[in-house]
Every structure is written in structure tokens, then in C-alpha cells.
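> Have a look at the structure that comes next, please.
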Amino acid sequence: MVNIESKLPTVGTTIFTVMSQLAKKHNAINLSQGFPNYDIAERLKTLAKANIDGGFNQYAPMAGDAGLREALAKKLEQSSGSKINMDTEITITAGATQAIYTAVSAFIQPGDEVILIEPAYDCYAPSVIVNGGKVIAYPLQFPDYKVDWEIFEKLITPSTKMIMINTPHNPTGSILRKSDLEQLEKIVADTNIIVLSDEVYEHLIYDNEVHESALKYPKLKERSIVTYSFGKTFHGTGWKLGYAVAPEYLMKEFRKVHQFNVFCVNHPLQKALTSFLENPEEYLNLPSFYQRKRDFLQAVLAESGFKPIHCAGTYFQLYDYSQLSDEDDMTFAKRITKDYGVATIPISPFYGSGTKGKVVRFCFAKTEDLLEQAGARLQKISAI
Ligand code: PMP
Ligand code: GLN
């Protein structure tokens, strides 16, 4: 054994692994970690096999397959109205997780401050800390989880290097609207702050709301790195493919790190996604597909003691369990997995310190029969 100094002394195993393992151990219905219990489209499977058979089994280009970047530039222009250069402004990554880590590594130096909005997706803070940065947390307030930009602005100092936003937001299901992005745009104007906008749930947005991308706002776009995930959009979290979009001067630095981080990512699957993207229906139908599931879960939980917090986007919904227990969220989530056979995600791990509100997160990317079974089990919980 040698003496080591951990770069992440306070970090354990991610809550997604902890709860999925607990679900397995107790044979519980797993509504914790975010993945669907249904498969990817048959056509996507056929395309994947065809591209392996077709011989695309060597390294892809470092920035990603050219056809895929071309298809994405077209898709992004349609959704945001903003022109993206496929050669200089898009890089295909091993999921959004790698894109986020690479972006933080490329720009954060020891002592730099990064403002996160808490609850924050679990990989954000560790990426900052490993790179010597300092996390500054802006806490969203239970139960509506909106940003007060006047208070937010007070967190900015001369050391602020990056602001990380996430819309639609995991785990709260809240979204940033036009006025939010306009206020952020104003706050960062005349600063050297980079914005990392995590938009992996861009297509999972409900009740006719519209996704507001950082790419739609020219003064934000010029300083933003935007991250996406094919795993979320095409029901294939195990493919671990995603991409980052940024202006050339930022993407140049991003790629310097990316090339030594992974160099490139899965080639045949990039080819398969290129062909699959030819049919926009595959992602344009997602709001109605998931809205039905959100509403179905709410209906099966209507008679339980869980009270839904509004979910405007993502495939997660927070539920208030304060009528059922005054335990902290970790204790409660573990107990109901063990005793009632349904696993959820406590949200305290998404905070640097302390949880606000007695809520747990349910993933509704599941078939209705599974959601119904989960509902039946959860109705049996009696208050303690
Ligand atoms: N950001 C958020 C907000 C997420 O929920 C996830 C999980 N999909 C990721 C990033 C990571 O995405 P990926 O699985 O593509 O790495
Ligand atoms: N994004 C998924 C979630 O929020 C989990 C991803 C993971 O397990 N790392 O549940």
C-alpha cells in the first residue's frame, strides 16, 4: 500500500448504482436509475448490425463521424434556428457524461469557481473538484424549483469561470423558460464566464412547453458548450453516445482534451445513428409518449400518500412523501425498496450539503404494467 491523497475524499458510489443494486437485492421494481424497461427501435438494431457487418469497426474520426455531425448540424438548425458548423462546432462523445467531464477539464483551472444549480446532476460537482475547481451552489427552492436570477447573480465573483445549467432539469423536472435564458444572457454579458448547458432531455418536455436551448440566444451561444445524449433520446442508455456543441474557439480546446481522453467513440453505432436520424418522428413523438407515462404514474399514485411536484420535462418526477414519513430521503428510499419493493432516488446526493424538502424521484420511463404494479405496492405504505 502507498499513501494516497484522494482527489474526491467525500465521494462514494453514485446513488444510481447504490439504488439499482438495492433494487436487485430485494427484487424491487426499479424506478430509481433513469433508463427505460423497453428496448430501442428494431430499425436502430438493424442499422447497428448492418454497420458492424459493413465493416465500420475501426476508429472513427476524432471529432466523430462526418455524416453524423452533418445530420446533427441540420437537426440543431431546425430546432434552434441557429447555424452550427459540423466541422468545427460538434464533437461526438461517449455520452453526455464524457462531454461534461471533458468540457470542465478543458477550462477549469485550480481555484476557478463554477456555479451549479442544486439539486445538481451527480457528475457535475465531482468533475469540477477533480480539476481543482471550487463548486458554488445556487439552491433551487422546494417546491417550484425556479431560479431567482437576482439572487443567482450575487454568486458571481471575479473567479467565476463557468456556470452549469440543465434544462429540462434532472432531478426536479423543472425547465428554464425564455425569460430565464434572457436573464442569464444579461448576467454573463461582459464577463469571461463560460456556460455549460446540459440539454440531454431536450425532447422530453410536456404540456406544449418549448425547449429553450442556449443555442437560441446568440449572446449565450457565443460562450456556451451544450451537451446532448442519444441514450435519452433513443431509449438506449447502454450505447453511451452523445455530443457537445460549442463555438469553434471553445470546441478547439474541448477537442484538445477529448483526443487524449477517449480519442473517438464507437464507430458502427455512430453510423447507425446517422441513418436513424433521417426520420425525425423518432424524437418528435417523445413529448406525447412520455407525457402519457407521467400522467399514468400520477394516476396510479393518486390514492397513495405521495404528492406529485409538477414535472415539465425529463422522464423523472419528484413526489413529496411528507404525509408518509418524517425520515430523511435516503432512509425512506432504502426502506421502501426493502419493505415495499419499489426503488426510487433520494435527492440529497444531488446537494453538496443537506436536502431541502421530503421528496424522492421516480423514473416513469417504464411500461404501464410496471408502473401499475409499482403503484399497487406504493399504495400499501402507511404513514409512520
Ligand atoms: N446529464 C443529465 C442531466 C443526465 O440526466 C444524464 C443521464 N442521462 C447525463 C447528463 C449523462 O448522459 P449519458 O448517459 O449520455 O452520459
Ligand atoms: N441519468 C440517469 C439518472 O439520472 C443515470 C445515469 C447513471 O446511472 N449514471 O438516473
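The values are calculated or read from the model by the stated rules, or taken from the named source; none is laboratory data. The structure presented is a predicted model; accordingly, all values stated were derived computationally and were not measured. Glycine gets a Cβ as well: all are built from the backbone with ideal geometry, and neighbour counts include every protein chain shown. Accessible surface is based on the protein model in full, side chains and every heavy atom, while ligands, DNA and RNA are left aside. Shrake-Rupley method; radii C 1.70, N 1.55, O 1.52, S 1.80 Å.
> Among the residues of the range 158-169 satisfying the criterion of being closer than 16 Å to Lys146 by Cβ and either part of a loop (DSSP other than H, G, I, E, B) or in contact (Cβ under 8 Å) with a residue 60 or more places away in the chain (or both), which is farthest from ligand 2 (Cβ to nearest atom)?
Thr167
> Counting just the residues of the range 175-197 that are open to solvent by 20 Å² or more (accessible area, probe 1.4 Å) and in a loop (DSSP other than H, G, I, E, B), which one comes out farthest from Ala246 (Cα to Cα)?
Checking each candidate, the answer is Arg177.
> While we're looking at this one, here's another question. Mind counting the residues in the range 97-106 that are touching a Phe, Trp or Tyr at 6+ places or on another chain (Cβ under 7 Å), open to solvent by 10 Å² or more (accessible area, probe 1.4 Å) and within 10 Å of Thr227 (Cβ to Cβ)?
0
> Between residues in the range 14-26 that are under 15 Å from Phe362 (Cβ atoms) and residues that are away from ligand 1 (no atom under 16 Å from the Cβ) and among the hydrophobic types (A, V, I, L, M, F, W, C), which pairs lie under 6 Å by C-beta distance while being six or more apart or on different chains?
Close Cβ pairs (under 6 Å, with a partner that is away from ligand 1 (no atom under 16 Å from the Cβ) and among the hydrophobic types (A, V, I, L, M, F, W, C)) amount to Met19/Ala343; Ala23/Ala343.
> Sticking with this structure for a sec: Counting only residues that are among the charged types (D, E, K, R) and under 18 Å from the mean Cα position of the chain (by Cα), which one in the range 107-148 is surrounded by the most Cβ atoms within 10 Å (Cβ to Cβ)?
Keep residues of the range 107-148 that are among the charged types (D, E, K, R), which gives 112-113, 118, 122, 134, 144, 146, 148.
When the remaining residues are screened for being under 18 Å from the mean Cα position of the chain (by Cα), the result is 118, 122, 146.
Details: Glu118: 21, Asp122: 17, Lys146: 13.
Among those that are among the charged types (D, E, K, R) and under 18 Å from the mean Cα position of the chain (by Cα), it is Glu118.
> Can you find, within the range 359-377, the residue that is farthest from ligand 2 (Cβ to nearest atom) among those that are open to solvent by less than 70 Å² (accessible area, probe 1.4 Å) and among the charged types (D, E, K, R)? Steps first, please.
The first filter runs over the range 359-377 and keeps only residues open to solvent by less than 70 Å² (accessible area, probe 1.4 Å), leaving 359-367, 370-371, 374-376.
The next check asks that each one be among the charged types (D, E, K, R); those that pass are 361, 366.
Numbers: Arg361: 8, Lys366: 13 Å.
Per the stated criteria, the residue is Lys366.
> Considering only the range 101-138, how many residues are more than 16 Å from ligand 1 (Cβ to nearest atom) and either modelled with pLDDT under 95 or in a loop (DSSP other than H, G, I, E, B) (or both)?
Number satisfying all stated conditions: 8.
> Only one of these is over 30 Å from Thr344 (Cβ atoms), more than 21 Å from the chain's Cα centre (by Cα) and among the basic types (Lys, Arg): Lys49, Lys75, Lys25. Name it.
On the way: Lys75 fails: more than 21 Å from the chain's Cα centre (by Cα); Lys25 fails: over 30 Å from Thr344 (Cβ atoms).
When all the criteria are applied, what remains is Lys49.
> Just to check your reading of the model, which residue among Ala41, Ala94, Ala71 is surrounded by fewer than 22 Cβ atoms within 10 Å (Cβ to Cβ), aliphatic (A, V, I, L, M) and within 16 Å of ligand 2 (Cβ to nearest atom)?
Numbers: Ala41 fails: within 16 Å of ligand 2 (Cβ to nearest atom); Ala71 fails: within 16 Å of ligand 2 (Cβ to nearest atom).
The unique qualifying residue is Ala94.
> When you check Thr344 against the structure, is it of a type in the set (Val, Ile, Thr), open to solvent by 50 Å² or more (accessible area, probe 1.4 Å) and more than 19 Å from Ile175 (Cβ to Cβ), yes or no?
Values: of a type in the set (Val, Ile, Thr): yes; open to solvent by 50 Å² or more (accessible area, probe 1.4 Å): no; more than 19 Å from Ile175 (Cβ to Cβ): yes.
No; evaluated as a whole, the condition is false for this residue.
> Another question, if that's okay. Going by what's in this entry, would Gly55 be described as open to solvent by less than 50 Å² (accessible area, probe 1.4 Å), within 16 Å of ligand 1 (Cβ to nearest atom) and part of a loop (DSSP other than H, G, I, E, B)?
Working: open to solvent by less than 50 Å² (accessible area, probe 1.4 Å): yes; within 16 Å of ligand 1 (Cβ to nearest atom): no; part of a loop (DSSP other than H, G, I, E, B): yes.
No: the conditions fail for Gly55.
> Right, another one. Out of all the residues in the range 72-97, which are part of a loop (DSSP other than H, G, I, E, B) and acidic (Asp, Glu)? Break it down stepwise before answering.
Step one: filter the range 72-97 for residues part of a loop (DSSP other than H, G, I, E, B), giving 81-89, 94.
Of everything in the range 72-97, those that are part of a loop (DSSP other than H, G, I, E, B) and acidic (Asp, Glu) turn out to be Asp87, Glu89.
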